[in-house]
Amino acid sequence: YDAVAYFREGAAVRGDARFAHAWNGAIWHFASAANRDAFAADPVAYAPQYDGYCAYAAANGYKADGDPEAWSLVDGKLYVNYSRGVQRRWERDIPGYIAKADVLWPSVNP
């Protein structure tokens, strides 16, 4: 999925291998060259928090895959969750979960 599209289009948009960029040990795909170039210029601004793993899981001390369709932008940062069901739990206390995940993430992802 195109990480920049969440910010620019407010939607989960599939990326295209024609617009790829390598960063942080992964190949990222974008819907357009413009989005790829924006990401390349400032990947930290667009990349999902916790390396794209579920933010709720990170707040609870473990890793779980993130579903690109279960996402939110909070204070200019992208967060993904394992599923929409988990996202509903996350939404009950987003600031609290972010605070916990920020503390726990270094030990979850050494």
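The values are calculated or read from the model by the stated rules, or taken from the named source; none is laboratory data. Keep in mind the model is a prediction, meaning the values are calculated, not measured. Neighbour counts are summed over all protein chains in view; Cβ atoms, including those assigned to glycine, are modelled from backbone coordinates with ideal geometry. For accessibility, only protein heavy atoms count, side chains too; no ligands or nucleic acids. Shrake-Rupley method; radii C 1.70, N 1.55, O 1.52, S 1.80 Å.
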TODO: Find the residue count for the range 75-90, including only residues that are under 11 Å from the mean Cα position of the chain (by Cα) and not aromatic (Phe, Trp, Tyr).
DONE: 4
TODO: Go through the range 59-70 and give me each residue that's open to solvent by 60 Å² or more (accessible area, probe 1.4 Å) and within 18 Å of Phe7 (Cα to Cα).
DONE: Glu69
- [ ] Select from the range 84-94 the residues that are assigned to a helix (DSSP H, G or I), of a type outside the set (Val, Ile, Thr) and open to solvent by less than 90 Å² (accessible area, probe 1.4 Å) and write down the one among them that is farthest from Val74 (Cα to Cα).
- [x] Gly85
TODO: List every residue pair whose Cβ atoms sit under 9 Å apart, with the two residues 6 or more apart in sequence or on different chains, where the first one lies in the range 17-31 and is more than 18 Å from Val44 (Cβ to Cβ) and free of Cβ contacts under 8 Å to residues at least 24 places away in the same chain and the second, anywhere, is open to solvent by less than 50 Å² (accessible area, probe 1.4 Å) and of a type in the set (Ser, Thr, Tyr).
DONE: Phe19/Ser32
Open item on the list: Whether any residue in the range 48-58 is surrounded by fewer than 18 Cβ atoms within 10 Å (Cβ to Cβ) and on the phi < 0 side of the Ramachandran plot is what I want to check.
Closed with: no
- [ ] Go through (1) assigned to a helix (DSSP H, G or I); (2) of a type outside the set (Lys, Arg); (3) more than 28 Å from Leu104 (Cβ to Cβ) one by one and return the number of the condition Val44 breaks.
- [x] (3)
- [ ] Please state which one of Tyr6, Tyr79, Tyr97 is buried (at least 20 other Cβ atoms within 10 Å of the Cβ), touching a helix residue (DSSP H, G or I) at 6+ places or on another chain (Cβ under 9 Å), in a strand (DSSP E or B) and not basic (Lys, Arg).
- [x] Tyr79
- [ ] Output the residues belonging to the range 15-39 that are touching a strand residue (DSSP E or B) at 6+ places or on another chain (Cβ under 8 Å), surrounded by fewer than 15 Cβ atoms within 10 Å (Cβ to Cβ) and either within 22 Å of Asp65 (Cβ to Cβ) or at pLDDT below 95 (or both).
- [x] Ala17, Ala20, Ala22, Ile27
